[in-house]
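Step one of this worksheet: look at the structure below.
The values are calculated or read from the model by the stated rules, or taken from the named source; none is laboratory data. Keep in mind it's a predicted model, so treat the numbers as computed, not measured. In this analysis, Cβ positions are derived from the backbone assuming ideal geometry, glycine residues included, and neighbour counts consider all displayed protein chains.
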Amino acid sequence: MDRHEQIKTLAKRLKAETHSNELSKALTHSSFPETTEENNNSRYVFLGQFAFRGYVADILFKFSPGSGTKLQHMLGNLFKNEQLNTLYDKLILDDLIRYGVDFDHKKHKHIFVFGLLGFIHQFSPDEVKQQFVSQNFILPNKHLFNPGTKSNDFQAQCNLLSRILFQEPVFIDITRNENNLWKTTVTIQDAVLASETSVSHRYSRQKALKKALKQLADDVYFIETARPEFSANHSRLEQIRNIKFQQQKEEKLHLQAQKEERKRIENKIKKEKRKADKEELDAKRRITKAEVKKKKESKKGKNTIYRDYSTEEIAAMNPAKRRRLEDLGILTKNK
């Protein structure tokens, strides 16, 4: 599957298939050759850093307890570079991004993740954004969401995660069955989280809530199946993982060959420039030398002392003039 098809697949997963060209732009760095200011991901990176981050902040404000300082620290931890790098690897963005040959994309994975988040914020429907936040920011960082209650208050812990993930608390139904046993069922949005049966009313409830908490905290598959409006067969780009290694190797070799060719051309241009500069300098020196010679020759003549004197002229000179010409270096001094 080529990059174009992979981009279309990802756009479809994000319920934004009509904007696949924009998704390609959101994953294209400004260093990519022949990229204009309007055709790279810088604007989507801005949107991801501030708008999508603000969307997550709004979720925390509505459904997570704690002071503003605590929420701020929590938001910072959710968007740490380590978290974004993990998301980059999880979504296998290596196969989708575009960048210049001299750009070290491995040191800037977070840039492409922010570009993707900006695209999601702009074009994906709210339910997709909510699911994306739940699976990639809330669940992997569930340890950050401390309800501030006793560790054995499983209902409070379930309600906290449930409100963040589904915007409503869990529902607990306790009934007695035909065998005179207590049956506790924990549900959310008509989806059963857990169900346990016991002789003890209290133990049945505790066991069911404990199981439901584990389901909410650890089982990402439940998040997908509990929401019928989402596609049940989201593969998270698993098909992309089977792309041929040889194709990647050839692409790397092609990029390396391009780099070496550019370097060869640059060295050739530099060599030609040095040669041209040398020739220009030699030409200037010749011109200057010719001008000096011409200027000196222009001073020679019958009425100037700066000329060649014959033997007869030197013999007929008075001593004062001869000494002067010798001092000026025009005549050779007699030993």
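Filtering segment 61-86 to residues that are modelled with pLDDT of 90 or more and either among the basic types (Lys, Arg) or not assigned by TED's automatic domain parsing to the domain that holds Thr35 (or both) leaves only Lys80.
Put simply, of Asp95, Asp104, Asp58, Asp89 the only residue that is over 26 Å from Ile164 (Cα atoms), modelled with pLDDT of 90 or more and either crowded, with 16+ Cβ neighbours inside 10 Å or not aliphatic (A, V, I, L, M) (or both) is Asp104. Of all residues in segment 82-102, those satisfying the criterion of being farther than 23 Å from Arg262 by Cβ and in contact (Cβ under 8 Å) with a residue 60 or more places away in the chain are Lys90, Leu91, Ile92, Leu93, Asp95, Leu96. For segment 3-35, filtering for residues that are assigned to a loop (DSSP other than H, G, I, E, B) and touching a Lys or Arg at 6+ places or on another chain (Cβ under 7 Å) leaves 3.
Among the residues examined, Gln131 qualifies as assigned to a helix (DSSP H, G or I), touching an Asp or Glu at 6+ places or on another chain (Cβ under 8 Å) and not β-branched (Val, Ile, Thr).
Evaluated against (1) under 30 Å from Gln248 (Cα atoms); (2) charged (D, E, K, R); (3) assigned to a helix (DSSP H, G or I), Asp102 falls short on exactly one condition, (3). Residue pairs whose Cβ atoms lie under 6 Å apart, sitting 6 or more positions apart in sequence or on different chains, and linking a residue in segment 306-332 that is of a type outside the set (Ser, Thr, Tyr) to a partner that is at pLDDT 85 or above and not in a loop (DSSP other than H, G, I, E, B), are Leu331/Leu325. Just so you know, in segment 151-174 the residues that are among the hydrophobic types (A, V, I, L, M, F, W, C) and either within 32 Å of the chain's Cα centre (by Cα) or not in a helix (DSSP H, G or I) (or both) include one that is farthest from Val56 (Cα to Cα), and it is Ile174.
Collect the residues in segment 36-47 that are in contact (Cβ under 8 Å) with a residue 60 or more places away in the chain and either in a helix (DSSP H, G or I) or out of contact with any helix residue (DSSP H, G or I) (no Cβ under 7 Å at 6 or more places or on another chain) (or both), keeping them in residue-number order.
As a first pass, look at segment 36-47 and keep what is in contact (Cβ under 8 Å) with a residue 60 or more places away in the chain: 41, 43-47.
Once the filter is applied, which keeps residues that are in contact (Cβ under 8 Å) with a residue 60 or more places away in the chain and either in a helix (DSSP H, G or I) or out of contact with any helix residue (DSSP H, G or I) (no Cβ under 7 Å at 6 or more places or on another chain) (or both), segment 36-47 yields Arg43, Tyr44, Val45, Phe46, Leu47.
On inspection, Phe50 does not qualify as part of a helix (DSSP H, G or I) and over 30 Å from Leu160 (Cα atoms). Consider His110 against the criteria (1) closer than 30 Å to Lys263 by Cα; (2) touching a residue at least 60 places away in the same chain (Cβ under 8 Å); (3) in a helix (DSSP H, G or I); (4) not charged (D, E, K, R): it satisfies all of them except one. Which criterion is unmet? Tallying (1) closer than 30 Å to Lys263 by Cα; (2) touching a residue at least 60 places away in the same chain (Cβ under 8 Å); (3) in a helix (DSSP H, G or I); (4) not charged (D, E, K, R), His110 fails exactly one: (2).
Can you confirm whether Leu253 is within 30 Å of Leu91 (Cβ to Cβ), at pLDDT 85 or above, among the hydrophobic types (A, V, I, L, M, F, W, C) and out of contact with any strand residue (DSSP E or B) (no Cβ under 9 Å at 6 or more places or on another chain)? Yes; evaluated as a whole, the condition is true for this residue. If you go through segment 1-35 and pick out every residue that is without any contact (Cβ under 8 Å) to a residue 12 or more places away in the chain and within 15 Å of Leu91 (Cβ to Cβ), you end up with 1.
Given (1) touching a residue at least 12 places away in the same chain (Cβ under 8 Å); (2) surrounded by fewer than 15 Cβ atoms within 10 Å (Cβ to Cβ), where does Ser64 come up short, assuming only one miss? Only one criterion in (1) touching a residue at least 12 places away in the same chain (Cβ under 8 Å); (2) surrounded by fewer than 15 Cβ atoms within 10 Å (Cβ to Cβ) is unmet by Ser64, namely (2).
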